[in-house]
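Heads up, the thing below is written out as structure tokens.
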Amino acid sequence: TRPPRPHRDFTRTRASAKHNPQIRVMQWNILAQALGEGKDGFVRCPMEALNWAERKYLILEEILTYRPDIVCLQEVDHYYDTFQPVMSSLGYQSSFCPKPCSPCLDVRGNNGPDGCALFFNRERFRLLDVHHLRLSAMAIKTNQVAVMATLQCQVTGRVFCVAVTHLKARSGWETLRGAQGANLLQQLKAILSTQQEAVPLVVCGDFNAEPDEEVYRRFLDSPLGLDSAYRTLSADGSTEPSYTTWKIRPSGESRSTLDYVWYTRNGFSVDAVLSMPSEEQIGPDRLPSYHYPSDHLSLICDFSFIQEPHRLM
Ligand code: NDP
Ligand code: CA
């Protein structure tokens, strides 16, 4: 018998008003099937645990457990045959942007390129517009992308934007990530400026950068007035969780904080965040495993609109 999925509790960060409906957002790098089987080298994860026919249900179980209103995924290489149709049957509308030259394509028997996908509850929100962004660095196009959507709440009429991205991986690429982050901020700002009124923003991503990297600073100090939602979990309110991914490769064990949910500080309040599983829950072989399908943990936040935002940026 297989071990159960780790149980995680929500930590309430604020007494939320009942009349103010929350928007639940999920950020998750789900691990591309082609990379997990063909490139990553997760030496302590049995190949059997990566079998797509079963693993896809563990990914969907994670989504269904928390039922987010908005789901932001990276490393999606089964959009057309799995996530688009299944999520549609669960009430989500979606948009997928593949990487121009996905590393999945190098893997024998791959299912096409991986990319970023954004899903939203189509009963709750109306899609006003969507952009697929290719990130540049120093005016040169890179292999990284983002999806940005403008949504309107069907009940309250409130408008906001949400974006999902996946920055360049690996050490040695810190300067490139910094430039990609700067370019993403610039492109987001340009799209926001086309709106008739100031609208708040949520940006979910696997930034492939620890909080001490340049790109993190760029987001924290950006003119968009962003803050990182998981900082609210910490005692001092400004420390990120100690890990969002934990894996063992031939090169050794790697425990790092790479995933973030940024939000407009003066536009939303963070009402609750899903706590991270403990080291014991993750287990000695780390991730992925039979009980958790990705090497990255999901991040989930409940936001509510600040009723009368004075200045967003
Ligand atoms: P990245 O370097 O950003 O990483 C791709 C994936 O590799 C990510 O999903 C990342 O996961 C994962 N990864 C990170 N660290 C490791 C590791 N130590 N071992 C194995 N996997 C790891 O990809 P790029 O978009 O820059 O593409 C790189 C690859 O794509 C090239 O090696 C090449 O094969 C192909 N490519 C080909 C081009 C062409 O013209 N033919 C052009 C560009 C790319 P995570 O984010 O979870 O850390
Ligand atoms: Ca990966």
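The values are calculated or read from the model by the stated rules, or taken from the named source; none is laboratory data. The shown structure was predicted, so the numbers you read here are calculated from the model rather than taken from an experiment. Note: ideal-geometry Cβ built from the backbone for every residue, glycine included; neighbour counts use all protein chains shown. All accessible areas refer to the heavy atoms of the entire protein, side chains included, with ligands and DNA or RNA removed. Shrake-Rupley method; radii C 1.70, N 1.55, O 1.52, S 1.80 Å.
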Which members of segment 262-287 meet the condition of being part of a loop (DSSP other than H, G, I, E, B) and either within 23 Å of THR239 (Cα to Cα) or in contact with a Phe, Trp or Tyr (Cβ under 6 Å, 6 or more places away or on another chain) (or both)? ARG265, ASN266, GLY267, SER275, MET276, PRO277, SER278, ARG286, LEU287
If I filter segment 229-248 down to residues being buried (at least 21 other Cβ atoms within 10 Å of the Cβ) and away from ligand 2 (no atom under 16 Å from the Cβ), which single residue comes out as nearest to ARG286 (Cα to Cα)? TYR230
Inside segment 104-129, can you point out the residues that are more than 16 Å from LEU73 (Cα to Cα), open to solvent by 20 Å² or more (accessible area, probe 1.4 Å) and more than 16 Å from ligand 2 (Cβ to nearest atom)? ARG108, GLY109, ARG122, GLU123, ARG124, ARG126, LEU127, LEU128, ASP129
Can you list the strands (runs of 3 or more DSSP E) found entirely within segment 108-160 that contain at least 2 residues being touching a strand residue (DSSP E or B) at 6+ places or on another chain (Cβ under 6 Å), in contact (Cβ under 8 Å) with a residue 12 or more places away in the chain and aromatic (Phe, Trp, Tyr)? 115-121
Restricted to segment 54-103 and to residues being among the basic types (Lys, Arg) and out of contact with any Gly (no Cβ under 6 Å at 6 or more places or on another chain), the residue surrounded by the fewest Cβ atoms within 10 Å (Cβ to Cβ) is ARG67
Please specify each residue of segment 90-105 satisfying the condition of being assigned to a loop (DSSP other than H, G, I, E, B) and either within 19 Å of the chain's Cα centre (by Cα) or of a type in the set (Gly, Ala, Ser) (or both). GLY91, LYS99, SER102
Conditions first: (1) open to solvent by 50 Å² or more (accessible area, probe 1.4 Å); (2) away from ligand 2 (no atom under 16 Å from the Cβ); (3) in contact (Cβ under 8 Å) with a residue 24 or more places away in the chain. ALA190 passes all but one, so which condition is the exception? (3)
Across (1) away from ligand 2 (no atom under 16 Å from the Cβ); (2) within 20 Å of ALA163 (Cα to Cα), LEU60 clears everything bar (2)
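In segment 199-217, which residues are open to solvent by less than 20 Å² (accessible area, probe 1.4 Å), touching a His at 6+ places or on another chain (Cβ under 8 Å) and not acidic (Asp, Glu)?
Hit for segment 199-217 is GLY205, nothing else.
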